[in-house]
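Engineer: Take this structure first; my questions come after.
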Amino acid sequence: MAVTKSSEPLRIGLFVGREWSWPPAFIEEVNRRNQGVIAEYVKVGGTQMNEPCPYRVIVDRISHEVPYYRSYLKNAALQGVKVINDPFMWTADDKFFGASLAEQLGVKSPKTVVLPNRDYVPGIVKTESLRNLVYPMDWQAIVHYVGMPCVLKDAHGGGWRDVYIVNSMDDLIFRYNGSGLLTMIVQEFIEWDNYARLMCLGQNDIYVMKYDPKSRRYHEEHDFSPELHHRMVEDATKLVRAFGYDMNTVEFAIRDGIPYAIDFMNPAPDMDVNSLGRKHFDWMVTHMADMTIRLAKSNEGTADRYEWARVAEENKSSKTGKKAVAPKTEKAVAPKTEKAVAPKTKPAGDKKPPKTKSS
Ligand SMILES: Nc1ncnc2c1ncn2[C@@H]1O[C@H](COP(=O)(O)OP(=O)(O)O)[C@@H](O)[C@H]1O
Ligand SMILES: [Mg+2]
């Protein structure tokens with residue numbers, strides 16, 4: 001649990017990079033509300049193991065580019081802090097696993113293949129170290145599966161880096177040959193007629209926006225039918241619940257009325273006023289304040305999802321002679337046989353229904 005004396009305000013900490021509009025507006029919004037919760041920038045510089053963390057909630061917008069912050073945040077999670085977003089999941093996710101999981105959640109995903117890496121670190125001797133790899137790759141079979149044109153992109157990418165829409169086998173192989181140490185996926189290209197970006201906060205507050213990837217601009221209003229809107233909210237809710245992200249944009253390419261989940265791992269989503277526009281920006285500021293204040297006052301911690309927290313708790317209890325504190329959520333049991341074993345997690349009905357708001 002975070003270290004706060006009852007007379008002190010609960011604290012929300014913020015890790016940020018080079019963004020100038022959302023962070024100060026958020027801090028001002030939280031502090032203006034006078035809810036016994038204050039928000040401020042975190043300051044760190046060398047961290048002892050098990051160092052207590054003065055924050056109840058930390059909002060992380062930059063640890064993907066500052067790995068020391070990621071380590072700090074994992075330790076903070078171990079001290080009971082609710083970290084947005086979960087640094088463990090963020091470290092683990094990739095677009096290939098995401099596509100497979102989306103399909104298992106009943107969310108439409110473009111057909112996706114993950115490719116062996118093109119290049120390796122110097123310690124890898126191609127003729128000796130790669131005995132598990134089939135070579136050469138069967139490009140024909142891959143293209144037969146995903147179709148042409150297709151998309152080649154970095155499985156761990158973001159910010160449109162290393163995303164190529166390719167129109168021929170030559171083009172695909174040319175781009176692959178330039179991919180170096182990255183792990184690339186090839187994906188069915190969805191020829192969309194409409195496109196949506198949904199901001200998902202706290203796994204149940206979903207804001208639907210129309211987006212144009214060609215001009216990279218948001219529209220103030222959307223033109224989605226109520227059915228499509230409903231389906232996208234449901235699909236996005238499933239995705240963020242499964243991944244445990246509390247601040248995430250989910251992108252859908254819409255073809256013939258069907259939303260395909262293109263990119264749903266954006267744990268530091270764009271919140272800049274210049275790209276969002278004032279209306280969407282104001283929503284991000286107020287709803288991030290709502291969520292983080294609620295979480296600061298709750299008992300939720302990032303550790304709730306993890307076995308290491310349970311074992312550590314058992315150890316503490318065995319030393320003090322107290323009975324282990326019951327974990328806040330029960331562990332899901334992985335199915336051992338083909339017959340699915342019903343997970344022991346609480347039914348979805350226990351959760352608050354998704355709040356939705358259209359732009
Ligand atoms: N399978 C696809 N079908 C159609 N367009 C795609 C597909 N994958 C990516 N794109 C286009 O490329 C853009 C960037 O890809 P995305 O997966 O969102 O990467 P990033 O994580 O870098 O944002 C998307 O916004 C979309 O316009
Ligand atoms: Mg994207």
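Coordinate-derived values only; no laboratory data. These figures come from a predicted structure and were not determined experimentally. Positions of Cβ are backbone-derived with ideal geometry, glycine not excepted, and every protein chain shown enters the neighbour counts.
Engineer: By a straight-distance test (C-alpha under 19 Å), which aspartates and glutamates pair with Lys108 as possible cross-link partners, with residues fewer than eight away in the same chain excluded?
Structural biologist: Within the straight-line cut-off, Lys108 pairs with Asp93, Asp94, Glu188, Glu191, Asp193, Glu227, Glu234, Asp235, Glu251, Asp256, Asp263.
Engineer: Further question: If the label point is 7 Å along Cα→Cβ of Asp256, which residues in the range 130-164 have backbone nitrogen under 19 Å from it?
Structural biologist: Within reach of a label on Asp256: 145-150.
Engineer: Given a 10 angstrom Cα cut-off, can you work out which residue in Val134, Val163, Val311 is the most mobile in a GNM of the chain?
Structural biologist: Highest fluctuation among the options: Val134.
Engineer: With n ≥ 4 as the cut-off for DSSP H runs, can you work out [θ] at 222 nm for the chain, using -39500 (n - 2.57) per run divided by the number of residues, rounded to the nearest 500?
Structural biologist: Helix-only estimate at 222 nm: -9500 deg cm²/dmol.
Engineer: Over all distinct alpha-carbon pairs, what is the Kirkwood Rh of the range 63-148 in angstrom?
Structural biologist: Answer for the range 63-148: a Kirkwood hydrodynamic radius of 16.7 Å.
Engineer: Additional query: How far is helix 95-104 tilted off the main Cα axis of the chain, in degrees rounded to 10, range 0 to 90?
Structural biologist: Once rounded, the angle reads 80 degrees.
Engineer: Applying 1/(1 + (r/R0)^6) with R0 = 22 Å to the Cβ-Cβ distance of Val66 and Arg161, what FRET efficiency is obtained, to the nearest 0.05?
Structural biologist: My answer for the efficiency is 0.80.
Engineer: Beta carbons within 10 angstrom, averaged per residue: use that to sort the peptides 240-249, 293-302, highest first.
Structural biologist: Final packing ranking: 240-249, 293-302.
Engineer: Take the cross-link list Lys74/Lys319; Lys82/Lys210; Lys43/Lys74; Lys43/Lys82 and give me the ones stretching past 19 Å between alpha-carbons.
Structural biologist: Exceeds cut-off: Lys74/Lys319; Lys82/Lys210.
Engineer: Let me ask something else about it. Which of Val186, Ser168, Trp139 sits farthest toward the positive end of the charge dipole of the range 111-188, with +1 on the Cβ of Lys and Arg and -1 on the Cβ of Asp and Glu?
Structural biologist: Toward the positive end, the furthest listed residue is Val186.
Engineer: Using θ = phi - 60° and the Karplus form 6.51 cos²θ - 1.76 cosθ + 1.60, what ³J(HN,Hα) does each residue of the range 125-138 get, whole Hz, x for Gly and Pro?
Structural biologist: Taking θ as phi minus 60°, the curve returns 9, 3, 6, 10, 8, 10, 5, 8, 8, 7, 9, x, 6, 8 Hz for the range 125-138.
Engineer: Rank-order 264-274, 151-161 by packing density, defined as the average count of other C-beta atoms within 10 Å over each peptide's residues, highest first.
Structural biologist: The most tightly packed comes first, giving 264-274, 151-161.
Engineer: To the nearest 20 debye, what charge dipole does the range 111-188 have about its Cα centre, counting +1 at the Cβ of each Lys and Arg and -1 at the Cβ of each Asp and Glu?
Structural biologist: 120
Engineer: Check which residues have an amide H placed less than 5 Å from Asp205's amide H, if you skip close sequence neighbours.
Structural biologist: Distant-sequence amide H within range of Asp205: Lys355.
Engineer: May I pose another question? Name the most mobile residue of Ser225, Ser129, Ser168, meaning the one with the largest mean-square fluctuation, in a Gaussian network model of the chain with Cα contacts below 10 Å.
Structural biologist: Ser129
Engineer: Another question about this same structure. Give the residue from Gly106, Ser318, Pro23 lying farthest towards the positive end of the charge dipole for the chain; charges sit on Cβ (+1 for Lys and Arg, -1 for Asp and Glu) and the dipole is referred to the Cα centre.
Structural biologist: Ser318
Engineer: Output ³J(HN,Hα) for the range 293-306: one whole-Hz value per residue in order, computed from phi by the Karplus curve 6.51 cos²θ - 1.76 cosθ + 1.60 with θ = phi - 60°, and x for Gly and Pro.
Structural biologist: 5, 4, 5, 4, 8, 9, 9, 5, x, 4, 5, 4, 7, 10
Engineer: Quick check: pseudo-label points 7 Å beyond the Cα along Cα→Cβ at Asn117 and Trp20, how many nm apart are they?
Structural biologist: The modelled label-to-label distance comes out at 3.8 nm.
Engineer: Report the per residue volume, in Å³, of the convex hull enclosing the C-alpha atoms of the chain.
Structural biologist: 189
Engineer: About the Cα centre, and with charges only on the beta carbon of Lys, Arg (+1) and Asp, Glu (-1), how big is the dipole of the range 1-67? Nearest 20 debye, please.
Structural biologist: Once rounded to the nearest 20, the dipole reads 160 debye.
Engineer: To the nearest 10 degrees, how steeply does helix 22-32 sit against the main Cα axis of the chain, on a 0 to 90 scale?
Structural biologist: In the chain, helix 22-32 runs at an angle near 20 degrees to the longest axis.
Engineer: Nearest 10 degrees, 0 to 90: what angle lies between the long axis of helix 226-243 and the longest principal axis of the chain (Cα atoms)?
Structural biologist: Between the helix axis and the principal axis of the chain, the angle is about 70 degrees.
Engineer: For the range 111-188, just the Cα atoms, rotate onto the principal axes and tell me the three extents in Å, largest first.
Structural biologist: Principal extents (Cα only, largest first): 35, 29, 20 Å.
Engineer: Ser129 versus Thr91, label points 7 Å from Cα toward the beta carbon: distance in nm?
Structural biologist: Modelled inter-label distance: 2.3 nm.
Engineer: Then there's this: From the P(r) of the range 193-277, could you give the percentage of C-alpha pairs in the tail past 22 Å?
Structural biologist: When all Cα pairs of the range 193-277 are counted, 18 percent exceed 22 Å.
Engineer: Among 281-287, 93-99, 16-22, how do they line up from the highest to the lowest mean number of other beta-carbon atoms within 10 Å?
Structural biologist: Going from most to least packed, we get 93-99, 281-287, 16-22.
Engineer: Where is the GNM fluctuation largest for the chain (alpha-carbon springs, 10 angstrom cutoff): Asp223, Asp170, Asp304?
Structural biologist: For the chain, modelled as a Gaussian network with Cα springs under 10 Å, the answer is Asp170.
Engineer: Rounding to the nearest 20 debye, state how big the charge dipole of the chain is about its Cα centre with +1 on each Lys and Arg Cβ and -1 on each Asp and Glu Cβ.
Structural biologist: 1440
Engineer: Got a sec to turn the phi values of the range 75-83 into Karplus ³J(HN,Hα) couplings, 6.51 cos²θ - 1.76 cosθ + 1.60 with θ = phi - 60°, whole Hz, x for Gly and Pro?
Structural biologist: With coefficients 6.51, -1.76 and 1.60, one gets 5, 4, 4, 5, 8, x, 6, 8, 9 Hz.
Engineer: Let me ask something else about it. Among Asn204, His64, Thr292, whose Cα sits farthest toward the positive end of the charge dipole of the chain (+1 at Cβ of Lys/Arg, -1 at Cβ of Asp/Glu, about the Cα centre)?
Structural biologist: Thr292
Engineer: Further question: Name the residues whose placed amide hydrogens come within less than 5 Å of the amide hydrogen of Ile58, ignoring near sequence neighbours (fewer than 5 apart) on the same chain.
Structural biologist: Gly13, Lys82, Val83, Ile84
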